[in-house]
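Engineer: Input: one structure, supplied below.
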């Protein structure tokens with residue numbers, strides 16, 4: 001295919017789910033998906049974008065203002081015609097589906113003018129039909145019954161509930177004031193209690209310090225005791241040395257040399273007694289300090305106990321005097337707060353229910369205007385030009401009584417010489433169908449809204465033996481018309497491509513003006529079929 005001066009090739013292998021590949025002029029390949037979507041990554045919209053028809057909307061229902069996207073499948077009937085459709089009695093724009101009447105007219109208008117039916121979608125989005133209102137009413141009624149079953153018939157109004165909440169707020173404020181006044185009235189008492197607790201804490205700290213000091217004194221006393229034992233042991237050793245005679249060395253058995261011993265035992269004993277006396281004095285002083293610490297600790301513990309007793313008595317007095325009243329006030333405040341919470345929840349639900357009811361009443365009272373059927377914009381000028389092209393083709397082909405040729409809006413088909421196309425025999429129906437398709441291509445090519453090629457299957461050979469059983473009359477077209485059709489296709493469409501599959505052989509003098517292929521079904525002669533064997 002060619003887009004302006006740029007050519008591209010669309011290829012697909014013949015096996016299930018094989019991809020469609022586009023190869024551009026510079027050799028770049030793009031794999032396209034099969035399903036039509038607004039982007040250009042699918043074959044349909046990619047193909048349509050090359051002829052300026054991508055992302056177009058066609059009108060499907062005038063009454064409902066519904067639209068459908070113009071896809072390659074929708075466009076296909078105007079340039080690919082099989083042997084069944086070419087003799088069909090329905091519009092060349094479609095496939096004979098009754099529901100496609102509006103769609104076919106919208107397709108023709110979009111092709112001839114380039115303007116689609118996006119406006120129908122816009123009007124549909126802004127309109128509220130009677131049916132949609134009814135659906136919303138039913139949905140809202142069901143939703144209200146589900147969410148607000150207990151307030152379907154409210155016993156109180158929102159004003160009454162709000163008044164109760166206001167009264168509770170005032171009561172809670174009074175209770176808060178009472179609690180504050182009660183606490184302030186016992187301010188001095190509470191301060192005294194606080195002072196007692198602080199005093200107890202200070203005494204406990206002093207006791208802790210005294211216990212730590214006593215522990216250190218006890219360790220020091222143990223050290224003094226050890227020193228005294230050492231001095232006593234030294235004295236006893238000196239006495240033993242003085243009272244015993246000469247002895248031998250316990251290790252080697254030799255005698256000690258008395259001349260070398262200059263220790264005076266008396267002096268040693270005196271020194272030991274003096275040191276022992278000094279240690280005993282220190283131990284006595286330390287013992288006195290320990291006794292004093294024990295007295296301090298005992299006194300402190302007693303003092304703490306007395307303070308705690310006073311605090312307990314103060315707590316009992318406070319509980320008897322203030323606690324009961326305070327508990328009553330706090331209990332009343334909690335009750336009021338709980339009641340307020342319940343009322344606030346009820347108010348919220350009631351307000352929600354009332355808002356929903358207002359919307360429901362609005363919908364019930366709404367009287368939607370009957371939506372007018374959507375009207376396709378007038379395109380008679382473009383349609384006239386198209387019909388003129390078709391009539392010109394029929395004239396060149398020698399179609400009998402070709403004038404006047406008209407377009408019938410109801411059937412989206414041709415009327416030729418006063419006879420609807422569907423009322424002709426199969427042969428002339430096929431020729432008129434071909435003229436319709438070729439005339440449309442000629443009309444659209446200046447605006448590039450056509451792929452520029454047409455495929456026609458059996459436009460000239462339509463009558464078959466089976467038609468006799470179906471009551472069809474033999475209305476094969478005249479040989480002169482066959483020649484005229486082939487001659488015109490060779491002369492008038494040099495800028496386009498028209499592919500004909502037909503058993504009617506063209507005249508020999510025309511073969512040089514066309515790309516003629518004869519399907520022989522013989523491997524040794526000509527071309528076997530549409531798909532070559534080799």
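Throughout, read-outs are computed from the coordinates displayed, never taken from laboratory work. Computed from a predicted structure; not experimentally measured. We place every Cβ from the backbone using ideal geometry, glycine too, and count neighbours over all the protein chains shown.
Engineer: For residue 392 and residue 73, what is the calculated FRET efficiency with R₀ set at 30 Å and r taken between the beta-carbons, to the nearest 0.05? Display every interim value, and only then the final one.
Structural biologist: Values: r = 30 Å, r/R0 = 1.00.
With a Förster radius of 30 Å, E is 0.50.
Engineer: I'd like the orientation of helix 130-147 relative to the chain: the angle between its Cα long axis and the longest Cα principal axis, in ° from 0 to 90, rounded to 10.
Structural biologist: That works out to roughly 20 degrees.
Engineer: Which whole-angstrom value gives the distance between the alpha carbon centres of the stretch 483-502 and the stretch 4-37?
Structural biologist: Result: 28 Å between the Cα centres.
Engineer: With each run of n ≥ 4 DSSP H residues scored as -39500 (n - 2.57), what mean residue ellipticity at 222 nm is computed for the chain after dividing by its residue count and rounding to the nearest 500 deg cm²/dmol? The partial results should precede the final answer.
Structural biologist: Working: 13 runs with 287 residues, N = 534.
Computed mean residue ellipticity for the chain: -19000 deg cm²/dmol.
Engineer: So, one more: Using r as the Cβ-Cβ distance of residue 121 and residue 419, and R0 as 45 Å, what FRET efficiency do you calculate, to the nearest 0.05?
Structural biologist: According to the calculation, E is roughly 0.70.
Engineer: Could the peptides 435-446, 385-396, 220-231 be put in order, highest first, of the mean number of other beta-carbon atoms found within 10 Å of their residues? Can you show the working numbers first?
Structural biologist: Numbers: 435-446: 21.7, 385-396: 18.7, 220-231: 14.2.
Result, highest mean Cβ count within 10 Å first: 435-446, 385-396, 220-231.
Engineer: While we're on this one: Output the 0 to 90 degree angle, nearest 10, between the alpha-carbon long axis of helix 158-185 and the longest principal axis computed from the alpha carbons of the chain.
Structural biologist: The helix 158-185 is inclined about 20 degrees to the chain.
Engineer: Could you work out how far the C-alpha centroid of the stretch 210-243 sits from that of the stretch 264-322, in angstrom?
Structural biologist: Between the Cα centres of the stretch 210-243 and the stretch 264-322 lies a distance of 22 Å.
Engineer: Multiply the residue separation of residue 215 and residue 143 by 0.36 nm, subtract the distance between their alpha-carbon atoms, and state the gained length in nm to one decimal.
Structural biologist: 17.9 nm
Engineer: Please report the relative contact order for the chain, taking Cα pairs under 8 Å with a sequence separation of at least 6, and give it as a percent rounded to a whole number.
Structural biologist: Contact order relative to length: 18 percent.
Engineer: Here are some values of log10 I(q)/I(0) by the Debye sum over Cα atoms at q = 0.06, 0.08, 0.12 Å⁻¹: [x] -0.35, -0.60, -1.17; [y] -0.62, -0.81, -1.20; [z] -0.27, -0.49, -1.12. Which one was computed from this structure?
Structural biologist: Working out log10 I(q)/I(0) by the Debye sum over Cα atoms at q = 0.06, 0.08, 0.12 Å⁻¹ from the coordinates points to [y].
Engineer: Note the full-extension length gain between residue 11 and residue 163 as 0.36 nm times their separation in residues minus their Cα-Cα distance, in nm to one decimal.
Structural biologist: Fully extending the segment from residue 11 to residue 163 adds 46.8 nm.
Engineer: If you don't mind, another one. Please find the FRET efficiency linking residue 331 to residue 206, where r is the Cβ-Cβ separation and R0 is fixed at 41 Å, and quote it to the nearest 0.05.
Structural biologist: It comes to 0.45.
Engineer: Obtain the nm distance between the two label points defined at residue 239 and residue 49 by a simple spin-label model: each point lies 7 Å from its Cα along the Cα-to-C-beta direction.
Structural biologist: Going by the 7 Å Cα→Cβ label model, 12.4 nm.
Engineer: Turning to a different aspect of this structure: Label points 7 Å out from Cα along the Cβ direction at residue 341 and residue 357: separation in nm?
Structural biologist: Each label point is offset 7 Å from its Cα along the Cβ direction, giving 2.8 nm.
Engineer: Here's something else I'd like to know. How much length is gained on full extension from residue 29 to residue 348, taking 0.36 nm per residue of separation minus their Cα-Cα distance?
Structural biologist: 108.5 nm
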